[in-house]
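Accompanying notes for the structure given below.
The values are calculated or read from the model by the stated rules, or taken from the named source; none is laboratory data. Predicted, not measured: the structure shown is a model, and the values here were computed from it. Here the Cβ positions follow ideal geometry from the backbone for every residue, glycine too, while neighbour counts run over all protein chains shown. Heads up: the accessible areas ignore ligands, DNA and RNA and are worked out on the full protein's heavy atoms, side chains in. Shrake-Rupley method; radii C 1.70, N 1.55, O 1.52, S 1.80 Å.
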Amino acid sequence: MEHHMKTKAFAELTGVSVRTLQYYDEIDLLKPALVNEQGHRFYDAGSFSQMFVILSLKNMGMSLADIHQYVNQRDFNIQVFIEAEKRRAEAELVHLQLRLLRLSRLQEQLSDKQEIMPTLLPLFSQLANDTALTPAQMENLTKPSDRQLGFNLVEWREFIENLTFCWEHKLTIRDKKAMACVRYWKERVLDAHHIHEDQVTLAEHYYRDHPDQAFGMTAETYAYLMKLMRDDEDAK
């Protein structure tokens, strides 16, 4: 068996673990070239060539099931696989390039003095998930505030407490506490940070899906606040 190699040595040569070789043997992906009477596995040059193919296809994204079909049955169309992987890689490349472009543009346009409020979290979440921002959303997000109002954490906490109270007690826009919530939202959020109606749905989804990252805002209180806003506009 001078042309054969023991399992451990073959594993070290090919850069895989002994357990991986045992697993490939179990699923008939790569059988040992020889098993002696004591049950010891041995591999040869043909095993090395086969392992090279397996690792190459695995690194290209092919599943073990497809590799098994290609290696053992030979009815797997490798050309079709390669074309499909090329298209997938090209799509991922475009995806990453667009994300890099958006992040670079955001970095360039954000003012060093602009404070990021909890109300801007939905937009940053959208950008992080590579969901396309509309030109208007990008402009509104990166436009420096004319009023340069800072974010007051104490005021925000009071706003959330008042809004929650109004929501729990089903107060209408005619109630002073509810009106105060609307006034805070308009003056300290919308006007100060250029948040507009086209972002309402986005924010609703964010507050619903990320309750632990919403600084006290919930999908329910946000929807209630939007209703108060509409009622206030209708009353004018």
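Here are a few things to note about the model shown:
- Residues that are of a type in the set (A, V, I, L, M, F, W, C) and open to solvent by less than 50 Å² (accessible area, probe 1.4 Å), drawn from segment 4-26: A9, F10, A11, V16, L21
Residues are listed down the side, and each one gets a yes or a no for (1) within 17 Å of L64 (Cα to Cα); (2) among the hydroxyl-bearing types (S, T, Y); (3) in a helix (DSSP H, G or I); (4) touching a Ser or Thr at 6+ places or on another chain (Cβ under 8 Å):
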| site | (1), (2), (3), (4) |
| --- | --- |
| H3 | no, no, no, no |
| A9 | no, no, yes, no |
| T20 | yes, yes, yes, no |
| Y23 | yes, yes, yes, no |
| D28 | yes, no, no, no |
| P32 | no, no, no, yes |
| Q38 | no, no, no, no |
| G46 | no, no, yes, no |
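- Taking the conditions (1) open to solvent by 90 Å² or more (accessible area, probe 1.4 Å); (2) part of a helix (DSSP H, G or I); (3) under 22 Å from V18 (Cα atoms) in turn, Q50 satisfies each one other than (1).
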